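Step one of this worksheet: look at the structure below.
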Amino acid sequence: MGDIVRQGVVAFVAEVLARGGRAEPIPGQRDVRVHGADGSERVVRVCSTASDPWLARRRDGVPAADGAGVSHWVFVDLAPAVPEFYVVDAEDVEAGIEEEVALWLADRPGRTPTGSHPIQRSNVVHGHDHWDLLGLDTVKDPDHDATQVPDARIRAERPAVRTVAEPEVVDERRAVVADIGGYRVQGRLDPGSGTLEITRGPMEGRRFPDAAAAARALVTFFDDHETVPDGDTFWRSEILK
C-alpha cells in the first residue's frame, strides 16, 4: 500500500508540472503543496489506488482534524495505462465520510471512528480532470515529457494475461476469505507450509508465514480494534470464482 501511495504522489506531481504549476510533497503526510499556474497556493490531499476503491481514514470525516488545512482531495487511479485524476473539494469529501461513518457508528454502539474508509468511484467521478479547481491549466503542455512517471504507470498495471499456448496452472492451495473494514479479502492458504498469500483486496500480493500473521497484519492495516486476529476464526474457506 505504501508503494501505491508513493506512485500516486509521483504521478500527481508530474501532472501538476505539465499543467503549469509546481508541487511539493509535505514530508510525513499524505498532502502536497500545490502552486497553481494562476499564482495561487493550496494544500491538496492525494489518495491513490491501483485496483480497489480508494481508502481514506474514518477520522478524515472531521474537517482539519490533522490541522493540515487541506482545500481539495485528488483521487489518483493508477490502474489505466495513463493515470486518471479526480479533483474534489475537501469539504464535500469530508462531509461524505462524516455521514457514512456516523451511520457505521450508529449500527453498533461502542465503535470508535478509527481505521480505513472506502471511497467509491461514484462519489468522485464528477471531479475528473477538474484541474481548474487547483488553479492549473486545463490543457497539458504538449512539450511535457510524460515519461517522468513510468514507475507509477508500470507498477500499477494488471498482470499480463496468459497466452492460450501457456498451460493452465492449478493452484492447489486452499481458498480463504475474510471480511474487514468493509472489504472482502481473498487469500490462498498452503496446507503444507501454512503460509498464506493475499490474492485480492487490501495488501494484495503479500505473503505471510501463517494465517494468524496475515490476520494481524490486516487488523493493523485497518486499525480495527474490534476484530480478533485469530488465524482459526478470522479466515473461512470458500470456493473463489
| query | How many nm separate the modelled label positions at SER40 and ASP3, each set 7 Å beyond the Cα in the direction of the Cβ? | reply | 3.6
| Among residues other than TRP54 whose Cβ falls under 9 Å from its Cβ, what is the net charge (Lys/Arg +1, Asp/Glu -1)? | -1
| request: List the equivalent ellipsoid semi-axes of region 81-133 in whole Å, largest first, each obtained as the square root of 5λ for an eigenvalue λ of the Cα gyration tensor. | output: 28, 12, 8
| remark: So, over other residues within a Cβ distance under 10 Å of HIS72, counting Lys, Arg +1 and Asp, Glu -1, the net charge is -1
| remark: The summed charge of the PHE208 Cβ neighbourhood (under 10 Å; Lys/Arg +1, Asp/Glu -1) stands at +1
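Quick note: the coordinates plus some simple rules give every number you see, no bench work behind them. The structure displayed is predicted, hence computed values, not measured ones. When we count neighbours, we look across all protein chains shown, and the Cβ atoms used for this are built from the backbone with ideal geometry, even at glycine.
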